[in-house]
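First comes the structure, then the notes that go with it.
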Amino acid sequence: MGRVDKTNYYLDIAQTVAERGTCLRRNFGAIIVKNDSIIATGYNGAPRGRVNCSDLGSCTRERLNVPRGQRYELCRSVHAEANCIISASRSDTIGAQLYLACLDAKTGELCGEVEPCSMCKRLIINAGIERVIVRESADEYRVFIVDSWVENDESLAGSEGY
């Protein structure tokens, strides 16, 4: 058995962090790494002191049949990326990488076709994170260069003359 490469090592940790998620749909785990050291971890769940969906046994977005990626204001959870960034100082996140993994809450299977939502992208940009690495399978991943999110600002789509 060969030694796991560094990227998959960090993605393995992010995937383990996702197992702490409390969402009834999908559970995300995120870790921030800089200079080969883990700076912070985060998973999706209700704000501290509030009841998690997994404890309530219900999800408002699921009950209303809200499609994935829409109406996040109805969600009780703070996203994994946000929780991770909240736990770190900006001086530690500048130039860092964020590793992200997602598990289906019902099956526990890896969900590979994911990326940070538009709000989390904004947080990642402001934190100074350079790259986001998202697990697609046990040994495959996608890399997002955060500067491209600044250059290709999807929030301006359809808002000419904003």
### Summary
Once the in-chain neighbours fewer than 8 apart are removed, the lysines whose Cα is under 17 Å from Lys34 read Lys6
#### Entry: More than 18 angstrom apart: percent of Cα pairs within segment 8-162
57 percent
### Cα extents of segment 65-108 along the three principal axes, largest first (Å)
40, 24, 14
### Query
Once the Cα atoms of segment 1-100 are picked out, what are the Rg and Dmax in Å?
15.0, 47
### Task
Keeping the other protein chains in place, figure out the carbon and sulfur percent of the accessible area of segment 1-151, with a 1.4 Å probe.
47 percent
### Task
Starting from the Cα of Lys121, draw a straight line to each of the aspartates and glutamates and keep only those under 19 Å, dropping any in the same chain fewer than 8 residues away.
Glu73, Glu81, Asp92, Glu113, Glu130, Glu136, Asp147, Glu151, Asp153, Glu154
### Query
Going by accessible area, probe 1.4 Å, with all protein chains left in place, what is the ranking of Leu64, Leu100, largest first?
Leu64, Leu100
### Summary
Computed over segment 1-141, protein heavy atoms only, probe 1.4 angstrom, the accessible area per residue in square angstrom equals 55 Å²
### Message
Run lengths n ≥ 4 of DSSP H only: what is the helix-derived mean residue ellipticity at 222 nm for the chain, with -39500 (n - 2.57) per run over all residues, to the nearest 500?
### Response
-7500 deg cm²/dmol
### Task
Just need the relative contact order of the chain here, percent rounded to a whole number, with Cα pairs under 8 Å and 6+ apart.
22 percent
### Message
With +1 assigned to the C-beta of every Lys and Arg and -1 to the C-beta of every Asp and Glu, and no other charges, what is the dipole magnitude of the chain about the Cα centre in debye, to the nearest 20?
### Response
680 debye
### Message
Within 10 Å, Cβ to Cβ, of Cys59, how many net charges do the neighbouring residues add up to if Lys/Arg are +1 and Asp/Glu are -1?
### Response
+3
### Message
Restricting to Cα pairs below 8 Å that are 6+ residues apart, what does the relative contact order work out to for segment 80-162? Please round to a whole percent.
### Response
29 percent
### Antiparallel DSSP beta bridges within segment 66-162, as percent of all bridges there, nearest 5
60 percent
### Query
Using Cα pairs under 8 angstrom and six or more residues apart, how large is the relative contact order of segment 2-81, in percent?
28 percent
### Task
Between the alpha-carbon centers of segment 53-100 and segment 102-116, tell me the distance in whole angstrom.
13 Å
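The values are calculated or read from the model by the stated rules, or taken from the named source; none is laboratory data. Worth saying up front: this structure is predicted, and the values here are computed from it rather than measured. Because the Cβ atoms are built from the backbone with ideal geometry, glycine has one as well, and the counts that use them run over all protein chains shown. Keep in mind that these areas ignore ligands, DNA and RNA; they rest on the heavy atoms of the full protein, side chains included. Shrake-Rupley method; radii C 1.70, N 1.55, O 1.52, S 1.80 Å.
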